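Please treat every number below as a calculation from the coordinates, not as lab data. What you see is a predicted model; the values in this text were computed from it and never measured. In this analysis, Cβ positions are derived from the backbone assuming ideal geometry, glycine residues included, and neighbour counts consider all displayed protein chains.
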Amino acid sequence: MKKLFVFLTISLAFLTAQGKGSYIKDVKLNGYIGSRINLCIQNQIMQRDVDALIEPFRHKILHYGWQSEFIGKWMCGACDAYSYTHDEELFQKIKKAAYALVATQDADGYIGVYAPEFQLADWDVWGQKYCLLGLQSFYRISHDKKALNACRMIVDHLMTQVGVGKKDIATLGNYRGLAASSILEPIMFLYKNTGFARYLDFAKYIVGQWEMPSGSMLISKALKGVPVSERFLPIPDANHWTQNGSKAYEMMSCYIGLLELYKVTKEPTYLSAVELSVKDIIEKEVNIVGGASATECFWKGGLRQTTPAFISMETCVTFTWMELCERLLSVTHDSRYADQIERSAYNALQGAMMADGNHIASYIPLEGYRRLGERQCGLNINCCEANGPRGYVLLPHFAYTCNDNCVDVNLYTDSEMQCMMGNKEITFSQKTDYPRSGSIEISLGMKGNSQFSIALRIPEWSMKNGVSVNGEAVNDPIVSGKYLVLTREWKSGDKIELNLDVRGRLILQNGFIAIVRGPVVFARDSRFNDGFVDETIAIEHDSEGFVPMEEVKDKSSFAWMEYSVNAVLSIYNGNQDEFQKIKFCDFGSAGNTWDRNSRYRVWLTNTIETADRHTWW
């Protein structure tokens, strides 16, 4: 492999111009996030046996299952990884896979794993969606018309089967048609890649069918304020089509496609439907670590997250949530969506992947132990191992964005970035050990002077913030949950210093408590051997809920971040003098032996003290 981890960059092919004359050229992420991306690329993407994923396409004998999604998911992640690394070995692996997949295409255009008499059944259209996404990702990095032509043939064939007077896409497949109609996203990509009006018309047909009596009504129910968990109620012993229409992954996939359609049509109800649904997800569904779902469905899980639920926090949901927020951020420039991505990236996403990057979990509850996901569809993979890497390679794309002569700094991590402002190249160097500390220094480099804006994301959780330019304090209002936009004539050597408030915070909910420090959620871990992780606890905090946290200098080998707090354990220790130091680690490190012997827990039972003499917990 050619210098995969020596210099990691994002190509222009990955980050296209988002404003006239302004675009990101290269990015390199370092520190903890950078190392985790490296591990994921090396041990998930590079090591995947892609020929095994293509084999079912060569036979086309199946009538159920989702075998056809895996190769497309892998290609999406691999193409973004290539755009990040420029690794030639990876490019050749992707090209070989793309050509092998196209070689399975029938004369009528079908690429899939289903027997002819079972086409459109079960997960077939869903699988075609991922083939379209994967092949168009390859087209994006290669401009290889073979891949694009194959995509045209797939959709042209599908349009002979689905449409007015044919099969209704809103009644195909699983989960109230959500899985099948999420093909909207690659249909829109195909329209943008070809300019052919028939694909835009097909996209409008798909969305129109949502609002028919048989459809999911993703737009009208959102506009009426129906919570995502109540869009459809599950029907016991029903067939797949009438299954719970609140399936999180599939519903959000449809909204991602709707955003792509909005970008072209500017139909305001499309954007409103997505924004209102995302608002409901933020308020009721996403939990403290940025994950969601139980039994893979929305269930008001954010409100009820202190109660353990079966099959909670699917990694496919975590990634799709990050992707939906990233697409919405690009449309609205609302930093609250960036805050959501950061929370998921530092917590749920990290908790899903083994410390060595060799496995990605299907589900990661807020308490218990980590475990491997099942093998699916007769292949040595599962849906979350295919999707999880896409969350990691999304982060370089998200870290910086450039639009209308303005650079947005979305992700705080040690990094370098080069962008073009008109014909001028500008470099950003971000030096920080964030989120250990809230201190971030950004240095600029360029030839001559240049006037443009830099938008710094001020996280919603950061209460005390300071910004200076070349040592001079910025007096503009700094509002948490907003971008601070600095517009001036910049010169080489200019330095921005940003200080965010990463004090520990005690979060109380439903009689339970948890600790968050900056964007990072902390958990007790049985390997610390400092008590029973399930026992009741009272944690020292001040009147505003801030927790004194002391970084452990001689920290354990398994933890990325490790802090101790003052606490009183159990219901029997009511004397303030009996507190002790209790260790917590970041959620991503908790339980990372992936066996039953490493038990962790985020939400801890809060001990109530009624006497006035104990005021600090």
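Here are the numbers:
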| read-out | value |
| --- | --- |
| Selection from ILE206, ALA309, LEU329 lying farthest towards where the dipole of region 169-372 points positive, charges on Cβ | ILE206 |
| Charge dipole (debye, nearest 20) of region 423-499; +1 at Cβ of Lys and Arg, -1 at Cβ of Asp and Glu | 100 |
| Largest-first principal axis extents, alpha carbons of region 504-605, Å | 35, 30, 29 |
| Formal net charge of residues neighbouring SER312 (Cβ-Cβ distance under 14 Å; K, R +1; D, E -1) | +1 |
| Efficiency of FRET from Cβ geometry, VAL469 and LYS145, R₀ 60 Å, rounded to 0.05 | 0.80 |
| ASP404-TYR572 FRET efficiency (beta carbon distance; Förster radius 56 Å; 0.05 resolution) | 0.35 |
| For THR320, THR413, order by how many other beta-carbon atoms lie within 10 Å, fewest first | THR413, THR320 |
| Cβ-placed point charges (K, R +1; D, E -1), dipole of region 37-101 about Cα centre in debye, nearest 20 | 220 |
| Trypsin sites (Lys or Arg not before Pro) restricted to region 410-454 and DSSP loop, no more than 10 other C-beta within 10 Å | LYS447 |
| Dipole magnitude of the chain about its Cα centre (Cβ charges: Lys, Arg +1; Asp, Glu -1), debye to nearest 20 | 1260 |
| Loop-exposed GluC sites (Glu not before Pro) per DSSP, neighbour cap 10 Cβ within 10 angstrom, longest uninterrupted part of the chain | 1-373 |
| Calculated [θ] (222 nm, deg cm²/dmol) that DSSP helices of n ≥ 4 give over the chain, each run adding -39,500 (n - 2.57) | -10000 deg cm²/dmol |
| FRET efficiency for ASP356 and LYS224, using Cβ-Cβ distance with R0 set to 35 Å, rounded to 0.05 | 0.15 |
| Helix 184-194 axis, angle to the chain major axis (alpha carbon atoms, nearest 10°) | 60 |
| Lysines with Cα under 20 Å of LYS166, excluding same-chain neighbours fewer than 8 positions away | LYS129, LYS204 |
| Residue order, fewest to most beta carbons within 10 Å, for VAL264, VAL533 | VAL264, VAL533 |
| Sorted by Cβ neighbour density within 10 Å, fewest at the top, the residues PHE546, PHE522, PHE512 | PHE546, PHE512, PHE522 |
| Where a label projected 7 Å from the Cα of SER35 along Cα→Cβ would reach, residues of region 552-568 with amide N under 17 Å | 552-563 |
| Principal-axis tilt of helix 145-161 within the chain, Cα atoms, nearest 10 degrees | 70 |
| Selection from LEU395, VAL407, GLY368 lying farthest towards where the dipole of region 361-422 points positive, charges on Cβ | GLY368 |
| Positive-end residue of ASN592, GLY504, PRO548, charge dipole of region 504-605 with Cβ unit charges | ASN592 |
